[in-house]
Amino acid sequence: MTLLWAIPALPLVGAIVLGLAGPALGSRMSAIIGTASVGLAAIIAGCIGIGWLQHPPPSGAFVQTLWTWVSLPGLTVRFGLYLDPLSLLMVLVITIIGGLIHLFSTHYMAGEAGYSRYFAYLNLFVAAMLLLVLADDLLILFVGWEGVGVCSYLLVGFWFADPANGAAAQKSFIVTRIADIAMLAGLLLLSTRIGTLNIHDLTTTSAHWPRGALLPEAAAALLLLGGLGKSAQVPLHTWLPDAMAGPTPVSALIHAATMVTAGVYLVVRLHPLFMQAPWVMHGIAIGGALTLLIAAGAGLFQTDIKRVLAYSTMSQIGYMFIALGVGAWSAAMFHFLTHAVFKALLFLSAGAVTMRLHHEQNIFAMGGLRRPLPLAFICFLIGAASLAALPIVTAGFFSKEMILGALWAAPSPALWIAGITGALLTAIYSFRLVFTVFFGRIITAPSGTYGIRILLPLFILALAAVCIGWLETPGFLGGNHLLSAFLRPTNGTGAAQIISPLIPLTGCMVPLLGVSIAWTLHRKGFWRMQAHRAQTPLAGFLKSACGFDAAYRALLVWPFLQLVAALRYDPVDQVSVWAEQAATALHRRLRATQTGHLRRYAAWMMAGAVATIAMVLFA
Amino acid sequence: MIAWPAPAGLALALFLLGLLGLLTRTNLIFVLMSIEIMLNAAGLLFITAGMRWGDPDGQIMLILVLNLAGAELALGLVLLLRLRSRLTTLDGDSATLSRDAP
Amino acid sequence: MTPIFVISAALAVLTTALAITRANPVHALLYFVVSLLCMAVIFYTLGAPFAAALEVIVYAGAIMVLFLFVVMMLALDQAAILRERDWIARPSWVLPLLLVGLLAAELGRLMLRGGTQTAPISVTPQAVGVKLFTTDLAAVELSSMLLLAGLIAAFHLGRRDP
């Protein structure tokens, strides 16, 4: 456990080596260094995890302080790593799934220019994300927060020669930056009030604050805004669909499994603070419900396979937030775990499919691919089934059940209704995707083959997507509570839930209903018609996730660009130019008086004398 | 003796006449002559003051003014001659080389 | 004394007015010389005989004669005089008259505020001489230097260029 520092350090070293000497090392060596650094970190994390399970520390946490970073009269920040069940879970997810994605990338990105640069960025991202989850102090967490934002920008804009990619990267960075300003304000508020940003001290102090007072509400609201931006929730969600401009493994790692869950991690980590802010909790729940529904609606109309998955990520994180909003911390973390697995699986399978189709991403250009690409089909099907939460066989079912059960216990039934509706929509759009891409006629014929480096990660993830759900099962299926028991030192015991059998039953029926609806519409060719029919205004509105993008463009971007255009010629400088022009004009006027005529000079002098004497007389 | 306002008024009138001549006439000879008229009027004022206060300083000032007028006239006439040889006219209005050309 | 003063004053003003309005510069200068002689008389009536003598000898007798010599050296012919008549056109008097009128009003107002009337005092040449060569000796020296400077400058400026 003393090797905890090696977990973020190994990918960081990998990033530095690849960044400095990448092109010189060649693509094979870059791939090895990149994958091995994350792989080693995963192995160390695994060993630490096993050690933890055998001999959990009595205090429930392990702190490793490395050095003192800031030492000021009002604030002391120590660079330390904090290991408890929550961060251990996140570390395992990040390193293992990250390692698998690195392996996948070595084949997927083979032959691309900037191969070693890609791995340098990806390693740097993993290092920053690990720092974020292992941070002992909110300021260190913020360093990791910003680090993942920068790496996301670098990776989304990886193919920077196309300006559209650069614009997408800028959009993701700017939107998350705006959210980060709110988070920084929250950090400043907390540090000035408490004098420390150490997470442990913060949570113990804030648990004693009066519930509903202004301080916890304000601090929680500000930190939440930061989390909303990073997790692409309404209203700061507009960057995620555009971030699909990056390579597919990047989308799998950053925009599905890890970075976008940073907001969820933040809330769970600081849940004592959030529990003292009931209004913010209501806001989280309502925001999560809205995102859930808006994103699911948008997913029904998308034509790009990756954009469907992006909206699906947004929607599933909405589920996590809605669970956070009602205080179901373990349920949110469980869903995080299953979502990381099946969403990475979905993205990698989508990448595998498009790889064989020369990177064609329009689903209406695909069809009937289940016969030519059977392995990709199976993996994608497992992922989609887990996303739709098909009963019992998939991991997604168990985590969604846990969330829906927690929602039912909430005071208002509206949240549960939103959750169930979202589940229906999720099933419909995910199987729309499956049927459109893999069933029907073949439209584009695939070419090429898969290598072991593509198939191995897919297999492992597919297996996990089926089995990992058994960590936490509801009462009627065995009552296995391994995960929540594991997380108890951090999250505490949840409220005892009395659930009528009707709830799990509805949870089973709704996904099946969604699949059957999607199948019926597929048979009728409804989905195919979408591609050819003109888009109705309602469809367009829902497709663009309720027009937030257009609204932001009109309200924020356009006025800013107008301002830039108005200031292009430096109007502030014009003031000094006018002063110069006025002086020159006056000079030209006065010059005209220098005529050279003696008499005129004498006359002017006389007039001056007359005026002076007049002043003396009448003063 | 004469009360002092009368010669003072006379001095003022003479001064104003000299000034009028200066402002109106273009011929440089008349300009110089008008300057002499003004100096003379100033001298009259000095004498008047000397009479009023019973101070010899008035007449002493007149001596100095005379001195000045002489020196100035000599130089003025020399310059007038040089200007005339340059411009071939005595018109003061045509001597505009000192103007600021735009 | 007073009638002499009044006649001399009127004559002085008249001849000065004539001097500044003639077309022929020689006529104008001669009128001015007459005006200077009237001035000398006025000086005498103001109890400054030494000043009167100086006015005639130096001003009218030396300075104006110099002026006349130079003017005659210019050899102005009839054409020049006709040209001069053109230059004294009516409109060119308007603005100067206006300005002069304003100045007259102001200075007249200043003078009429006036101080006390005291008995006029006559100053003898002896007093002048004593003061000049004792108290105001520096002025004498400086004025002699001024004359020297004027002499050298006139000599230099009057030289023909080689």
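Things to note:
- Test: B:GLY43 is within 7 Å of another protein chain (Cβ to nearest Cβ) and buried (at least 22 other Cβ atoms within 10 Å of the Cβ): no
- Residues of region A:130-170 that turn out to be under 30 Å from A:GLY80 (Cα atoms) and not hydrophobic (A, V, I, L, M, F, W, C), as a count: 8
- Among the conditions (1) touching a residue at least 40 places away in the same chain (Cβ under 8 Å); (2) more than 7 Å from every other protein chain (Cβ to nearest Cβ); (3) surrounded by fewer than 20 Cβ atoms within 10 Å (Cβ to Cβ), B:TRP53 misses just one, which is (1).
- Only a single item in (1) closer than 26 Å to C:LEU151 by Cα; (2) crowded, with 18+ Cβ neighbours inside 10 Å is not met by B:LEU19, and it is number (1).
- With respect to the conditions (1) surrounded by fewer than 16 Cβ atoms within 10 Å (Cβ to Cβ); (2) closer than 20 Å to A:VAL13 by Cα, A:ALA45 lacks only one, and its number is (1).
- Qualifying residue in region A:21-32 (condition: closer than 23 Å to A:ALA135 by Cβ and either of a type outside the set (Gly, Ala, Ser) or in a helix (DSSP H, G or I) (or both)): no
- Candidates A:VAL13, A:VAL17, A:VAL77 - the one that is farther than 25 Å from A:LEU345 by Cβ, surrounded by fewer than 23 Cβ atoms within 10 Å (Cβ to Cβ) and touching a Leu at 6+ places or on another chain (Cβ under 6 Å): A:VAL77
Listed here are the residues, each with its yes/no results for (1) small (Gly, Ala, Ser); (2) at the interface with chain B (Cβ under 7 Å from one of its Cβ atoms).
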| residue | (1), (2) |
| --- | --- |
| C:ILE4 | no, no |
| C:SER8 | yes, no |
| C:ALA23 | yes, no |
| C:PHE32 | no, yes |
| C:TYR59 | no, yes |
| C:LEU66 | no, yes |
| C:VAL71 | no, yes |
| C:ASP77 | no, no |
| C:TRP87 | no, yes |
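- Matching helices (runs of 4 or more DSSP H) fully within region C:71-153 where at least 1 residues are more than 29 Å from B:LEU79 (Cα to Cα) and either in the same structural domain as C:ALA53 (by TED's automatic domain parsing) or in contact with a Pro (Cβ under 8 Å, 6 or more places away or on another chain) (or both): C:94-113, C:125-134
- In this structure, B:LEU68 does not qualify as more than 9 Å from chain C (Cβ to nearest Cβ), among the aliphatic types (A, V, I, L, M), over 19 Å from C:CYS38 (Cβ atoms) and surrounded by fewer than 22 Cβ atoms within 10 Å (Cβ to Cβ).
- Qualifying residue in region A:556-574 (condition: closer than 30 Å to A:SER315 by Cα and of a type in the set (Phe, Trp, Tyr)): yes
- Residue among A:ALA128, A:ALA164, A:ALA120 that is surrounded by fewer than 24 Cβ atoms within 10 Å (Cβ to Cβ) and on the phi < 0 side of the Ramachandran plot: A:ALA164
- Restricting A:ALA243, A:ALA285, A:ALA252 to those that are under 27 Å from A:VAL91 (Cα atoms), assigned to a helix (DSSP H, G or I) and touching a His at 6+ places or on another chain (Cβ under 6 Å) reduces the list to A:ALA243.
- Some residue of region A:86-93 being under 15 Å from A:ILE460 (Cα atoms), modelled with pLDDT of 85 or more and assigned to a helix (DSSP H, G or I): yes
- In region B:20-43, the residues that are at pLDDT below 95 reach residues that are assigned to a strand (DSSP E or B) with C-beta atoms within less than 9 angstrom, at least six apart or across chains, in these pairs: B:THR26/B:ASP91; B:ASN27/B:ASP91; B:LEU28/B:ASP91.
- Members of region A:507-539 found to be more than 27 Å from A:TRP416 (Cα to Cα), in a helix (DSSP H, G or I) and free of Cβ contacts under 8 Å to residues at least 24 places away in the same chain, listed by number: A:ARG523, A:PHE526, A:MET529, A:HIS532, A:PRO537
- Residues of region A:591-618 that turn out to be within 9 Å of chain B (Cβ to nearest Cβ) and farther than 19 Å from B:VAL31 by Cα, as a count: 4
- Any hit, region C:11-25, residues being surrounded by fewer than 16 Cβ atoms within 10 Å (Cβ to Cβ) and either under 14 Å from the mean Cα position of the chain (by Cα) or assigned to a helix (DSSP H, G or I) (or both): yes
The values are calculated or read from the model by the stated rules, or taken from the named source; none is laboratory data. All of these numbers come straight from a predicted model, not from anything done at the bench. For neighbour counting, all protein chains shown are included, and Cβ atoms are generated from backbone atoms with ideal geometry for every residue, glycine included.
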